[in-house]
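For reference, the structure discussed in these notes is given below.
All of the numbers you see were taken from the coordinates with simple rules; none came from a lab. Just so it is clear, the model here is predicted, and its values are computed rather than measured. Counting neighbours? That spans all protein chains shown, and the Cβs are built from the backbone with ideal geometry, glycine included.
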Amino acid sequence: MNFAARITGTGSAFPKNRVTNSTIVKKLAKLGVETSEKWIRERTGIQERRISDLENPNERNSSLAFSAAQKALDMAGKSPEDIDQIIYATCSPDTPLPSSACWLQHKMGAYKAWGMDINAACSGFIYGLATAERFIRSGQVVTSLVVGAEVLNPILNWEDRNSCILFGDGAGAAIVEQTPEDSARQILSSHLLSDGSLWELLYVPAGGSNMEVTPERYAKKLHKLRMKGKELFKVAVKTLADSALQTLKKNHMTTDDLDWFVPHQANHRIIEAVANRLDFPMEKVLVNVDRFGNTSAATIPTALDEGNRDGRIKQGQTVLLTAFGAGLTYGSILMRW
């Protein structure tokens with residue numbers, strides 16, 4: 001028997017601390033960095049974001065993932081014992097070793113599952129969902145837990161107003177289950193791409209085996225995120241739109257066949273530019289960047305969960321997910337809900 005895969009449950013979780021643009025402006029002013037609420041709002045569309053309390057064990061990366069996963073399990077009517085596989089997308093893990101997937105497995109008690117991490121930055125959930133689908137189609141996995149979770153604030157450079165205003169912390173999760181190949185509700189196709197020549201657009205220099213974080217490098221903030229915003233904006237719009245169109249073309253569809261578009265929540269201006277390029281109405285685009293900022297690998301699963309829980313996404317509708325991230329990584333997934 002041949003198989004397909006579909007999402008049967010979603011969940012999301014965020015830290016309690018809401019950080020408004022006003023709070024960001026005051027924090028940057030203390031560091032001698034000038035900005036304004038209007039400047040942030042007009043360039044990003046972000047009103048507030050959530051920031052983890054690093055001293056609170058319940059707001060660590062894998063803890064937020066645990067909360068999101070529990071909600072997804074509850075929706076799907078599953079227990080941790082039902083999970084065969086954990087695919088965990090993050091670029092801000094609790095620890096370099098062990099993997100976030102192992103931390104999550106331990107916290108959940110999902111000891112039947114095997115797990116692995118994926119670091120595709122903001123494209124991580126797309127990569128994870130596509131990987132889960134392949135395992136399920138092969139028959140090796142029946143139930144997969146796919147997570148996108150980030151606690152990015154420790155790697156932000158709060159003296160760089162172009163990047164630090166964009167990001168927030170959070171986690172999203174999806175239960176992906178085996179379904180018959182001819183099922184109407186399934187993941188229809190996935191398309192993953194990357195271009196390593198664009199690595200300088202968004203990266204963290206130190207902290208890996210190439211460059212240890214010494215006191216001197218720490219003082220230079222080499223362990224903090226670096227971003228070329230203008231160049232990244234142009235690449236983001238092109239890759240998101242091109243990837244979406246490629247996916248639709250493979251399925252002999254156009255944007256007229258779509259009920260919902262769920263893009264990576266990097267910046268509201270990017271989302272609007274992509275929708276305009278696709279000639280797709282903004283009222284059919286799921287957006288949460290205004291309230292949560294860019295949560296990297298968590299943006300798509302949290303937006304998807306929101307649309308699922310509030311009833312906007314309905315059974316039988318066609319949903320397109322698309323993302324880009326550091327690497328550069330990008331890709332899209334088309335599904336019938």
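Below are the figures for this structure:
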item: Region 237-254 residues near the modelled R277 label - backbone nitrogen below 18 Å, point 7 Å along Cα→Cβ; result: 237-250, 254
item: Local electrostatic count at D259 - Lys and Arg +1, Asp and Glu -1, tallied over other residues with Cβ under 14 Å; result: +2
item: Helix 268-278 axis, angle to the chain major axis (alpha carbon atoms, nearest 10°); result: 40
item: Distance between region 38-105 and region 244-319 - C-alpha centres, whole angstrom; result: 20
item: Fraction of antiparallel bridges per DSSP, the chain only, in percent to nearest 5; result: 70
item: Label point distance in nm, S36-E200, each placed 7 Å from Cα along Cα→Cβ; result: 3.3
item: Of V204, V176, V287, the one that fluctuates the most in a GNM where the chain has Cα springs shorter than 10 Å; result: V204
item: Contour excess over end-to-end distance, with Cα ends at T20 and N157 and 0.36 nm allotted per residue; result: 47.6 nm
item: Sequence-distant residues sharing a close amide H with A89 (under 5 Å, placed H); result: I118, V147, G148, A149
item: Within a Gaussian network of the chain (alpha carbon springs, distance under 10 Å), most fluctuating of G45, G124, G196; result: G196
item: Rough spin-label spacing in nm, given labels placed 7 Å along Cα→Cβ, for D242 and K112; result: 4.3
item: Sites N56 and R312, calculated FRET efficiency, Cβ-Cβ separation with R0 45 Å, nearest 0.05; result: 0.90
item: Whole-Hz couplings from phi, Karplus 6.51/-1.76/1.60, listed for region 212-227; x for Gly and Pro; result: 5, 7, 8, x, 5, 6, 4, 5, 8, 6, 6, 8, 9, 5, 10, 9
item: Charge dipole of region 186-336 about the Cα centre (unit charges at C-beta), most positive-ward option of L188, W260, T295; result: T295
item: Distant-in-sequence amide H partners of N294 (H built 1.01 Å from N, under 5 Å); result: F167, G168
item: Cα-based shape type of region 159-264, given that a ≥ b ≥ c are square roots of the gyration tensor eigenvalues and the cut on a/c is 1.5; result: prolate
item: Label-point separation, N251 to R134 (7 Å along Cα→Cβ), nm; result: 1.9
